[in-house]
Ligand SMILES: [Zn+2]
């Protein structure tokens with residue numbers, strides 16, 4: 001951060017940065033902050049936070065900031081099209097929602113359904129955007145979130161853009177895995193490493209945001225492994241609900257009562273939202289990771305920390321179950337769910353599969 005500040009104050013800011021470090025260490029939060037600073041008319045390192053430019057940055061609606069992230073490919077889309085041009089209204093709405101979630105919490109990772117690759121269209125668009133910058137002293141800031149998600153075509157296109165920088169434009173790449181980038185791209189960027197955030201700092205931030213009491217915050221910070229985003233996720237009420245759902249689901253599975261299983265799955269399947277089903281399955285995976293943690297004598301790693309007793313009892317009762325097999329089976333179910341398989345069927349099948357393995361030692 002000191003490096004950034006000094007470059008800024010000496011007016012020697014490079015035109016490209018690479019921020020790398022584990023997920024949730026604030027790479028994009030800092031990038032957004034830099035965009036705010038570069039556009040606030042006060043011209044000081046600390047943006048004022050009250051001017052129209054700062055307000056527009058708060059909502060990420062400023063014309064001088066652009067976030068690049070994986071997008072689905074639209075129907076009949078070609079490389080020269082604007083990256084948004086061929087997308088459906090539903091997708092555009094989802095993008096709007098994700099950007100506004102990011103505006104509210106810069107630690108929120110933007111994820112668009114059925115999108116895993118940064119399109120070449122989005123990279124080609126960067127140069128065009130440079131010419132649309134507003135304010136001659138301001139900078140147009142492009143943040144490429146998860147730059148490792150560029151395939152060769154997009155990466156080569158970005159390389160060209162970096163080789164011929166547009167005046168007034170700053171490009172910031174963020175990634176947890178810099179090794180996945182072309183060395184020629186890295187060499188054109190000022191590289192800044194983000195370290196995992198210390199536990200005490202995460203604890204303090206959670207308490208400050210009034211998300212939980214200090215004891216819970218400390219437990220969350222331990223689990224978060226230096227990622228503030230992870231800590232936020234664990235403390236999110238929605239995620240908590242999902243965790244209690246897993247407990248109820250496991251009880252129903254043990255009882256082998258299909259009616260009850262269906263009832264517990266109701267909130268997961270009713271929205272017909274495959275992403276929600278996947279999140280549920282991931283929480284279920286966490287349950288078995290917890291069992292492994294307990295077996296290894298690492299109870300501080302329990303992710304279902306609000307149901308610590310239940311998961312500990314489960315681990316004792318079913319000491320013979322192979323968590324690796326279960327995790328494999330859940331992974332398979334996640335793949336099915338991502339495909340086109342019937343949601344309820346896939347989950348009920350998994351429940352039955354699990355039930356057969358939940359026999360306490362006699
Ligand atoms: Zn300002």
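Rule-based calculations on the coordinates, nothing more; no lab input. All of these numbers come straight from a predicted model, not from anything done at the bench. So basically every Cβ, Gly included, is an ideal-geometry build from the backbone, and we count neighbours across all protein chains shown.
Report, in degrees rounded to the nearest 10, the 0 to 90 angle that the Cα long axis of helix 323-338 makes with the longest principal axis of the chain. Between helix and principal axis, roughly 60 degrees.
Using a simple spin-label model with pseudo-atoms 7 Å out from Cα toward Cβ, residue 200 and residue 295 lie 3.7 nm apart. Relative to the longest principal Cα axis of the chain, at what angle does helix 89-104 sit, 0 to 90 degrees, rounded to 10? With rounding to tens, the tilt is 80 degrees.
Taking a ≥ b ≥ c as the square roots of the eigenvalues of the Cα gyration tensor of the stretch 217-303, is the shape rounded (a/c under 1.5), prolate (a/b larger than b/c) or oblate?
Numbers: a/c = 2.73, a/b = 1.46, b/c = 1.86.
It is oblate, given that a/c is not under 1.5 and a/b is not larger than b/c.
Taking a ≥ b ≥ c as the square roots of the Cα gyration tensor eigenvalues, the stretch 102-181 comes out oblate, since a/c reaches at least 1.5 and a/b does not exceed b/c. Dividing the helix sum by the residues of the chain, where each DSSP H run of 4 or more adds -39500 (n - 2.57), gives a mean residue ellipticity at 222 nm of -16500 deg cm²/dmol.
Annotation: the residues 161, 88, 216, sorted from fewest to most other C-beta atoms within 10 Å of their own C-beta, follow the order 88, 216, 161. Mean projected area of the Cα convex hull of the chain, taken over all directions, amounts to 20.0 nm².
Normalising by the residue count of the chain, find the relative contact order in percent from Cα pairs under 8 Å and 6+ residues apart.
On the way: 496 pairs, mean separation 60.8, N = 362.
For the chain, the relative contact order is 17 percent.
Sorted ascending by nearby beta carbons within 10 Å, beginning with the fewest, 99, 292, 120 become 292, 99, 120.
Tell me the angle of helix 237-255 to the major Cα principal axis of the chain, expressed in degrees between 0 and 90 and rounded to the nearest ten. On a 0 to 90 degree scale, this one is about 20.
Across the stretch 2-195, the convex hull enclosing all Cα atoms gives 114 Å³ per residue. For the pair the stretch 330-349 / the stretch 32-108, the C-alpha centres are spaced 34 Å from each other. Ordering 1, 250 from the fewest to the most neighbouring beta carbons within 10 Å gives 1, 250.
For the stretch 214-362, what does the alpha-carbon gyration tensor say about shape, rounded, prolate or oblate, given a ≥ b ≥ c as the root eigenvalues, a/c under 1.5 as rounded, and a/b over b/c as prolate?
Numbers: a/c = 1.79, a/b = 1.21, b/c = 1.48.
Judged from the Cα gyration tensor, the stretch 214-362 comes out oblate (a/c at least 1.5, b/c at or above a/b).
The stretch between residue 92 and residue 164 holds 22.9 nm of extra length on full extension. This uses 0.36 nm per residue minus the Cα-Cα distance.
Provide the percentage of antiparallel DSSP beta bridges, counting only those with both residues in the chain; round to the nearest 5. If you can, show how the numbers build up before the last one.
On the way: 0 of 20 bridges.
Beta bridges within the chain, antiparallel portion: roughly 0 percent.
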